[in-house]
Amino acid sequence: MSVGLRAICAAAALTALAACSGGIRGGSIEQAALDAVVGTAGPAPAPVAVTLGGVAQAAPDVLAVTPERLGKTGYLDLVAQRRDATPGLITVWQSSDAAQIVLRDGVLVTTRGVGRDLLSSDVTSTIAAVTARRSGAGERSMVLQQGDNTYTTLRLQCDIANLGQAPLAIGSNTLATTRLRETCRGPTGTFANDYWVQIGNNKIRKSRQWVGPTVGYYTILVLEQ
């Protein structure tokens with residue numbers, strides 16, 4: 001049985017001296033669309049039993065999420081998806097203990113129930129460059145939950161570099177991917193996100209994405225049958 005993402009984050013939060021909570025909703029240009037999708041997610045799914053070595057037997061549409069500060073992996077089911085007026089498919093992934101990760105074309109835009117949540121994001125310029133597997137530059141914004149049930153908005157300037165082809169091993173399979181690195185600068189300093197984009201369909205199959213100064217990085221892997 002997999003460990004629920006909320007439980008993993010609770011343990012990671014103890015390490016970082018920050019408690020997990022259910023989160024609040026902050027406002028941004030993404031919020032209305034994301035809240036509409038999250039609201040359709042329904043009850044928590046049954047725990048997913050899967051390992052990377054057994055990916056060929058995994059249920060379709062499973063997300064493996066590893067908070068780097070702890071190193072344990074939670075597995076999330078796809079529970080909702082939709083499109084809106086902004087580019088990119090919104091997908092909502094939910095763990096066995098009801099924590100949620102929301103992606104837009106594979107780029108992290110929202111978390112719920114993992115502690116110091118990423119409440120919403122504008123990642124339009126990121127998606128445009130990364131899913132086309134090309135270098136670029138632009139702005140992104142992130143609305144982060146604070147410990148006192150308030151939120152703060154980060155305005156970031158980001159550059160995206162194409163690092164070239166990088167074979168990606170998932171279980172016994174090796175995928176042809178292009179690795180891109182997004183380097184962002186803002187009031188909390190500099191961070192870098194990495195994306196492995198599959199050649200042929202331009203899907204982000206693996207990523208290492210910054211969730212916030214307290215949470216740190218998540219490594220996210222899309223497992224497909």
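Derivation of every value follows stated rules applied to the coordinates shown; laboratory data play no part. Since this is a predicted model, take the numbers as computed values, not measurements.
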### Query
Over segment 173-225, what is the relative contact order in whole percent, taking alpha-carbon pairs under 8 Å and six or more residues apart?
25
### Query
How large is ³J(HN,Hα), in whole Hz, for each residue of segment 202-217 in order, when computed from phi with the Karplus curve 6.51 cos²θ - 1.76 cosθ + 1.60 and θ = phi - 60°, using x for Gly and Pro?
6, 8, 6, 8, 9, 8, 10, 10, 7, 9, x, x, 7, 6, x, 9
### Task
Quick one: which residues, 5 or more positions from Ala166 or on another chain, have an amide H under 5 Å from its amide H? H modelled 1.01 Å from N in the peptide plane, none for Pro or chain starts.
Thr177, Thr178, Arg179
### Query
Could you work out Rg/(2.2 N^0.38 Å) for segment 125-194, with Rg from alpha carbons only?
1.38
### Query
Short version: ³J(HN,Hα) in whole Hz for each residue of segment 183-190, in order, from phi by Karplus 6.51 cos²θ - 1.76 cosθ + 1.60 (θ = phi - 60°), x for Gly and Pro, what are they?
10, 10, 10, x, x, 9, x, 10
### Query
What is the Cα centroid distance between segment 158-202 and segment 116-153, reported in whole angstrom?
16
